[in-house]
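Enquirer: Here's a structure for you.
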Amino acid sequence: MKYATIKKSGWKVTHDGGAFYLTFLPGEIGELGASYEVNKEVYERALNSEVSLTQLINEFNIFQNFKKVYDIKKPPELPLRKNTPTKFYGKDFITTHEEDKYYLMYQLGRHGGGHRKIQITKEIYEDARKGDKSTSDLFKKYNLYHLDVPENDVK
């Protein structure tokens, strides 16, 4: 018998050549998800396209009869960034209007990361706020490469 991963909606069973695992995502049964080491019988029952996760858990009493390998926590929900008249969150940049100046801030791809903030014109600021361009697009369109220097790193 060839072993593989059987994926269902929100859960799966896998066989790594030595052990069998039942894994389900947060929200499928409760707030947490988990992975349990199960047996071949559970794995083979999951091959049936009609069986649901709840049926499998109840039929084999998974929580009592099998070892939990790990919990799967729901990832934290990040607050949505709200654009304001003076701050715009683009695809991979932020533009700001501070007093009478306009800025473009973006994350650096170098090792260690960091951010760079360059002064731009009102025209570039307004174009960036349309939301249809990336940092790279803006650099190409307005030839901003000469501003991409370490002196403009955000400290």
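Enquirer: FRET efficiency for GLU126 and GLU44, Cβ-Cβ distance as r, R0 = 35 Å, nearest 0.05?
Expert: Taking R0 as 35 Å, the efficiency between GLU126 and GLU44 is 0.05.
Enquirer: Modelling each spin label as a point 7 Å along the Cα-to-Cβ direction, I'd like the SER9/LYS141 distance in nm, to one decimal.
Expert: Simple spin-label model gives 4.1 nm for this pair.
Enquirer: At 7 Å along the Cα-to-beta-carbon direction for both ASP148 and HIS115, put a label point, then send me their distance in nm to one decimal.
Expert: 1.9 nm
Enquirer: Once you have the Cα-Cα distance between SER134 and ALA19, take 0.36 nm times their residue separation minus that, and quote the gain in nm to one decimal.
Expert: Here the answer is 36.8 nm.
Enquirer: Right, something else. How big is D for the range 1-148, in µm² s⁻¹ as a whole number, if Stokes-Einstein is applied with the Kirkwood radius of its Cα pairs at 25 °C and 0.890 mPa s?
Expert: The calculation lands on 125 µm²/s.
Enquirer: Rg over Rh of the range 87-152, using C-alpha atoms and the Kirkwood radius, what does it come to?
Expert: In the range 87-152, Rg relative to Rh is 0.93.
Enquirer: Per DSSP H run of n ≥ 4, the term is -39500 (n - 2.57); total these for the chain, divide by its residue number, and report the mean residue ellipticity at 222 nm rounded to 500 deg cm²/dmol.
Expert: -5500 deg cm²/dmol
Just so you know, all these numbers are worked out from the coordinates, no wet-lab data involved. Owing to the predicted nature of the structure, the values given are computational and were not obtained by experimental measurement. When we count neighbours, we look across all protein chains shown, and the Cβ atoms used for this are built from the backbone with ideal geometry, even at glycine.
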